[in-house]
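Presented below is the structure to which this report refers.
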Amino acid sequence: MIYKKPICDCGKELIYLEDRIVSTSFKINKNGKVGKRSIEVCEGEMEGHILFCDDCRETYATYYDENERIIRGDRIS
Ligand SMILES: [Zn+2]
């Protein structure tokens, strides 16, 4: 089977978008406020992934075919 890249309803190629939880650490200033400079950034677990259209901002679920290639799923509203 010939693989076709996932295409948006508007005709543009979709982008694979990964969601991750990112934690950033800050020092606390003498005045009790959070410091401006971050001291550490932790990239966390992957939360999920969607297919995203850079043009019309439409999003779709990510599915895989029998060869584990990315195909477009249902539209996420
Ligand atoms: Zn689109």
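The values are calculated or read from the model by the stated rules, or taken from the named source; none is laboratory data. Every value quoted in this text rests on a predicted model; they were computed, and no experiment measured them. For neighbour counting, all protein chains shown are included, and Cβ atoms are generated from backbone atoms with ideal geometry for every residue, glycine included.
Among the residues making up the range 1-45, a single one is farther than 17 Å from ARG57 by Cα, at pLDDT 95 or above and among the small types (Gly, Ala, Ser): GLY32. In the range 35-68, the qualifying residues are those that are touching a Gly at 6+ places or on another chain (Cβ under 8 Å) and within 16 Å of the ligand (Cβ to nearest atom), and the one that is nearest to TYR16 (Cα to Cα) is LEU51. Report whether or not CYS53 is at pLDDT 90 or above and either over 24 Å from MET1 (Cα atoms) or in contact with an Asp or Glu (Cβ under 6 Å, 6 or more places away or on another chain) (or both). Yes.
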